[in-house]
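K.L.:
Please find one structure pasted underneath; my questions will follow.
The values are calculated or read from the model by the stated rules, or taken from the named source; none is laboratory data. On a predicted model such as this, the values are computed, not experimentally measured, just so you know. Every residue, glycine among them, receives a Cβ derived from its backbone with ideal geometry; neighbour counts consider all protein chains shown.
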Amino acid sequence: MNILRHLPLWAFLLIATTLEVSGDAVVRIAIYNHAGVARFGLMLGGAALLFGYGFALNLAPVEFGRVVGLYIATLFVVWQIINFIAFRAWPNLPILIGGTLIVAGGLIITFWKAPSLP
């Protein structure tokens, strides 16, 4: 665990979002494409990935509330990449436009330093 303290914040975000989206994709594949033992095995694998997401995110050396915007922006980008890899689905125009707003909003939330109220 000591080595994890030296990872930059973006690495935690990338690891956590990849685990979260991959876990969801595996569960979706299990539900819609498999039955029996294969479904059960995939569900366990998806659950392990989702647990890994929660674990990795909570190891990040910063308060989650401070990076929630950047997390959501990263999650959107990783979601589109995994969606293409797992399901061969390209984002359509509404997803690209909405995603642009999500990423812009995440950057604003994370980096805009609003003046303090008296």
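K.L.:
Only one of Phe111, Phe64, Phe55 is modelled with pLDDT under 95, farther than 13 Å from Ala16 by Cα and of a type in the set (Phe, Trp, Tyr). Can you tell me which?
P.N.:
Unique residue meeting the criteria: Phe111.
K.L.:
Within the range 100-114, can one find any residue that is aromatic (Phe, Trp, Tyr) and in a helix (DSSP H, G or I)?
P.N.:
yes
K.L.:
Look at the range 63-94 and say how many of its residues are part of a helix (DSSP H, G or I) and either small (Gly, Ala, Ser) or surrounded by 12 or more Cβ atoms within 10 Å (Cβ to Cβ) (or both).
P.N.:
22
K.L.:
Something else now. If Leu75 meets every condition in (1) without any contact (Cβ under 8 Å) to a residue 24 or more places away in the chain; (2) within 22 Å of Val27 (Cα to Cα); (3) within 15 Å of the chain's Cα centre (by Cα) apart from one, which number is that one?
P.N.:
(1)
K.L.:
If you don't mind, another one. Answer yes or no: is there a residue in the range 4-12 that is at positive phi, assigned to a helix (DSSP H, G or I) and loosely packed, with under 14 Cβ neighbours inside 10 Å.
P.N.:
The answer is no, given that none of the residues of the range 4-12 is at positive phi, assigned to a helix (DSSP H, G or I) and loosely packed, with under 14 Cβ neighbours inside 10 Å.
K.L.:
Return the residue satisfying two criteria in turn: it lies in the range 13-52 and is surrounded by 13 or more Cβ atoms within 10 Å (Cβ to Cβ) and hydroxyl-bearing (Ser, Thr, Tyr), and of such residues it is nearest to Leu70 (Cα to Cα).
P.N.:
Applying the filter and picking the extreme gives Thr17.
K.L.:
Still on this structure, I have one more. Does Arg39 fit the bill of being within 20 Å of Gly105 (Cα to Cα), among the basic types (Lys, Arg) and either in contact with a helix residue (DSSP H, G or I) (Cβ under 7 Å, 6 or more places away or on another chain) or assigned to a helix (DSSP H, G or I) (or both)?
P.N.:
It is false that Arg39 is within 20 Å of Gly105 (Cα to Cα), among the basic types (Lys, Arg) and either in contact with a helix residue (DSSP H, G or I) (Cβ under 7 Å, 6 or more places away or on another chain) or assigned to a helix (DSSP H, G or I) (or both).
Each row is one residue, and each column tells you yes or no for (1) among the aromatic types (Phe, Trp, Tyr); (2) on the phi > 0 side of the Ramachandran plot; (3) touching a helix residue (DSSP H, G or I) at 6+ places or on another chain (Cβ under 8 Å).
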residue: Thr74; (1), (2), (3): no, no, yes
residue: Trp79; (1), (2), (3): yes, no, yes
residue: Ile82; (1), (2), (3): no, no, yes
residue: Pro91; (1), (2), (3): no, no, yes
residue: Ile95; (1), (2), (3): no, no, yes
residue: Gly98; (1), (2), (3): no, no, no
residue: Ile108; (1), (2), (3): no, no, yes
residue: Trp112; (1), (2), (3): yes, no, no
residue: Ser116; (1), (2), (3): no, no, no
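K.L.:
Moving to a separate point now. Looking at the range 53-62, is at least one residue in contact with a helix residue (DSSP H, G or I) (Cβ under 8 Å, 6 or more places away or on another chain), closer than 25 Å to Lys113 by Cα and buried (at least 16 other Cβ atoms within 10 Å of the Cβ)?
P.N.:
yes
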